[in-house]
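Read the structure below first, then the notes.
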Amino acid sequence: MRRVFEDELNDLHVRFSEMGMMVNEAIYKSVKAFINHDKELARDVITSDHLINEREVDLEKRSFELIALQQPVTTDLRTIVTVMKASSDLERMGDHAVSISKSTIRVKGTTRVPKVEQDIASMAELVKEMVNEVLDAYVKSDDKRALQIANEDHGINHYSDLIYETCLEIMQKDPATVPGSMDYLFVSSYLERIGDYVTNICEWIVYLQMGKIVELNSNAKEDDF
């Protein structure tokens, strides 16, 4: 029975890691679509989002079944709780990738500003690195690395502020840029929230190893939309 339980736990880990890769791909595609004005790629992200949602539901179902049937305690229980909570954060990250894709479709045909789009691309690359790092920390159960990821200055807030200031300036100079600039602001805020959810996952990695919840970022707690 113990061996069966351990196999099911390992399967839970694998499925969670796969979900993380699905979300990271969605983020990458959504930003690529936005920068390249690629409506078809944006639609692909939107239509594929159900796979991420279904994976979260599957992980939750499997987690509840393990709790009900195996009645795990201590480390085993923390492992299951970590998967349930962190997969919820991944699902929200996927939702933000969808929102970026919707902005791609909405912004098509409006006045574009290459400088802002380059800043968004650079910001997205930093976010992608954070997601890669946190997934690696999860696979390796590396709570020290998780703490480092949460505490490092990845420059995301810098780009968010820069994009805001640039958009404000160009909107004042040229009213034709207002519709596009609003979407630039939305996209930068979606990327910033994805970064916050990475920090949430860092918290669950720390919880898994230490058995206590350490709040590393209070901002992401407020974002459920």
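The values are calculated or read from the model by the stated rules, or taken from the named source; none is laboratory data. Small disclaimer: the values here were computed from a predicted structure and weren't measured. All Cβ positions, even for glycine, are placed from backbone atoms using ideal geometry, and neighbour counts span all protein chains on display. Only protein heavy atoms, including side chains, enter the accessible area calculation; ligands, DNA and RNA are left aside. Shrake-Rupley method; radii C 1.70, N 1.55, O 1.52, S 1.80 Å.
Data table
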{"read-out": "Members of 29/128; 140/212; 144/212; 29/140; 61/144 lying beyond 22 Å, as alpha-carbon distances in this model show", "value": "29/140; 61/144"}
{"read-out": "Net charge, residue 47 excluded, C-beta distance under 15 Å - Lys, Arg +1, Asp, Glu -1", "value": "-3"}
{"read-out": "Probe 1.4 Å - accessible area at residue 65, Å² to nearest ten", "value": "80 Å²"}
{"read-out": "Under 5 Å, built H, 5+ apart or other chain: amide partners of residue 214", "value": "207"}
{"read-out": "For the chain, calculated [θ]222 nm from helices alone, where every DSSP H run of n ≥ 4 adds -39500 (n - 2.57)", "value": "-29500 deg cm²/dmol"}
{"read-out": "Nearest-ten-degree value, helix 178-210 long axis tilted from longest Cα axis of the chain", "value": "20 degrees"}
{"read-out": "C-alpha center-to-center spacing [segment 144-195, segment 12-32] in angstrom", "value": "22 Å"}
{"read-out": "GNM result for the chain, Cα springs below 10 Å: residue of 194, 170, 156 fluctuating most strongly", "value": "170"}
{"read-out": "Residue with peak Gaussian network fluctuation, the chain [Cα springs, cutoff 10 Å], from 158, 37, 96", "value": "158"}
{"read-out": "The chain: most fluctuating residue of 24, 132, 200 per GNM, C-alpha cutoff 10 Å", "value": "132"}
